[in-house]
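The structure under discussion appears below in the form of structure tokens.
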Amino acid sequence: MILDIVKTIFFSVSNAVIFRNLASFQGSVLDLLAHEENIKTIVLVRKGQKLPFEFGAHPNILIEEIDENIKRNIIQNAFYFFFSFLIFTDTTKLVSSYGVRADKPRPLWRFWNYPLKIFISKTFGKSEWVKKVLAPKIYLWLFPERLYKNLFEKYRPDLAFLPNICIWPNDLQLLVEAKRRGIKTVGMHGNWDHFSKYFIPFQTDKMLVWSEPVKEEAIKFQSYEQKSVEVVGGPHVDYFIGEASRESRQDFLKRLGFAPDSIVILFASQGPYSLDGADLVEMILNWIRVGELDKKTRLIIRPHPSGIMEKEKYERFQGDPLVYFDSAKDCQLLPGFRHYINVLRHADLLITTYSTVGPDGVLMDRPVIVAGFDGYKKRPIYQSVRRHKNFTHYQLISKIGGIRIVEQQAEFLPAIKDYLANPKRDATERAILRRKIFGWTEGKNSARVIDVIKKTLYNERK
């Protein structure tokens, strides 16, 4: 390996979640890159995005703002539609039918293209040649604009690291420009549920994934070759389980104004994706007051980060002495990230709906209940939380266990009582699920990312 030659890499930090998971803490991927003397890292951020890069002053790190362009003409939009639905999973089925948000039911006229999506996936989507040869060629022909041509000419990178390639369109544009130039690429998914949403018509040379089931999805849904996908674990897990994020239970309870012997239930709202969180909160508070739950029980209400509908749903609980209103504001920045981790760490029980917060609770070995019913109501399926159990990624949870899914109101209180009395129940299943979603939990995931980047950069074979 020739390490005395300085190499340049692009590192796309497309949003605050990527910043939090890969660039915000000591020992993060960006921090480790900053200590690589022979690698110069150009961090690409959206113009106007204000992120507190602690490592941005390092001589090996340069922050570069880039433009974004998601405007497309009618032909380009039609092709985007075509290649996106070369896969049609249970997740895309839900998105294409009822929609994900319960506050905005999908109007009937929008269903006209549902059969077309199925047709595309069942015909063209069956052909690897269409996915891996034809679709990329058509893309290059229909999208001659090269938004990042000057950026690549300015820095002449040896490698592009694109850690949100499945969701962020600008990462796709960066990947396309790298492909045009024959520049090496390493990709990653922004979250564990991304590969099953839409098809991406270009592949990175190496795709890094958190775990084996996610690797299987990259191969199944995104047509990656087995040898191109490498399991490295979730980089943010290093901070989750590390000492740097840890706050003592005594200090945590004191900060929230709870007594030292409090029993803590965390309710994580799903915002516009679930309409009846206030019903669940009301049930829990009533059970505390009538003695069905221990009088020392206190409830943390954590709104959805979007804030949509949250004030209207929960404002009637303001001032309740049993309630602490948490905030998801700035949860992608380090202080908010640390607080979120400790809310999970010190909750005796996490209750949510079909949210990715559930697996975060599992990561901290907390008992987790998914309330898979509509509070006091019986909503039509297009507005019901029940439709979310069909998400492709949540089907993994259903198979393994480790998160208890309660689908009837009558089962809710017994499930809460059981977990509070027996917090170790389902611990074995939680450990399995933790490994299946997040991969390794020994604190070396960010280092594994760096290892693959370096091996790809210097043409080392594994």
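Return a yes/no flag: does region 369-382 have any residue that is assigned by TED's automatic domain parsing to the domain that holds PHE258 and without any contact (Cβ under 8 Å) to a residue 12 or more places away in the chain.
Here is the first cut: in region 369-382, the residues assigned by TED's automatic domain parsing to the domain that holds PHE258 are 369-382.
Then drop every residue that is not without any contact (Cβ under 8 Å) to a residue 12 or more places away in the chain, which leaves 378, 380.
Scanning region 369-382, I find at least one residue that is assigned by TED's automatic domain parsing to the domain that holds PHE258 and without any contact (Cβ under 8 Å) to a residue 12 or more places away in the chain, so the answer is yes.
Among the residues of region 157-171, write down those that are more than 21 Å from LYS40 (Cα to Cα) and within 15 Å of the chain's Cα centre (by Cα).
ILE165, CYS166, ILE167, TRP168, listed by residue number.
Filter region 292-323 down to residues that are charged (D, E, K, R), part of a strand (DSSP E or B) and over 25 Å from the mean Cα position of the chain (by Cα), then give me how many there are.
1
Would you check which residues across region 391-437 are more than 21 Å from TRP210 (Cβ to Cβ), part of a helix (DSSP H, G or I) and either outside the structural domain of TYR354 (by TED's automatic domain parsing) or among the charged types (D, E, K, R) (or both) and list them?
The answer is GLU411, LYS417, ASP418.
Just need a number here: residues in region 203-212 that are surrounded by fewer than 20 Cβ atoms within 10 Å (Cβ to Cβ) and farther than 19 Å from VAL29 by Cβ.
Looking only at that region, the number is 1.
When you go through SER327, SER306, SER355 one by one, which is the residue that is crowded, with 18+ Cβ neighbours inside 10 Å and either modelled with pLDDT under 95 or touching a strand residue (DSSP E or B) at 6+ places or on another chain (Cβ under 8 Å) (or both)?
Selected residue: SER355, the only one of SER327, SER306, SER355 that is crowded, with 18+ Cβ neighbours inside 10 Å and either modelled with pLDDT under 95 or touching a strand residue (DSSP E or B) at 6+ places or on another chain (Cβ under 8 Å) (or both).
With respect to PRO59, is the statement that it is within 22 Å of GLY336 (Cβ to Cβ) and modelled with pLDDT under 90 true?
no
If you check GLY291, GLY233, GLY277, which single one turns out to be on the phi > 0 side of the Ramachandran plot and assigned by TED's automatic domain parsing to the domain that holds ARG345? Can you show your working first?
Values: GLY233 fails: assigned by TED's automatic domain parsing to the domain that holds ARG345; GLY277 fails: on the phi > 0 side of the Ramachandran plot.
Only one candidate qualifies: GLY291.
Tell me whether region 338-345 contains one or more residues that are buried (at least 17 other Cβ atoms within 10 Å of the Cβ), part of a helix (DSSP H, G or I) and of a type in the set (S, T, N, Q).
yes
Condition test on LYS137, is it in contact with an Asp or Glu (Cβ under 9 Å, 6 or more places away or on another chain) and modelled with pLDDT of 85 or more?
No; evaluated as a whole, the condition is false for this residue.
Tell me whether region 354-365 contains one or more residues that are polar (S, T, N, Q) and within 21 Å of the chain's Cα centre (by Cα).
For region 354-365, residues polar (S, T, N, Q) and within 21 Å of the chain's Cα centre (by Cα): present.
Just need a number here: residues in region 438-452 that are among the polar types (S, T, N, Q) and either surrounded by fewer than 19 Cβ atoms within 10 Å (Cβ to Cβ) or over 23 Å from ILE397 (Cβ atoms) (or both).
2
The values are calculated or read from the model by the stated rules, or taken from the named source; none is laboratory data. Note that the coordinates shown come from a computational prediction; the quantities given were computed from them, not determined experimentally. Glycine gets a Cβ as well: all are built from the backbone with ideal geometry, and neighbour counts include every protein chain shown.
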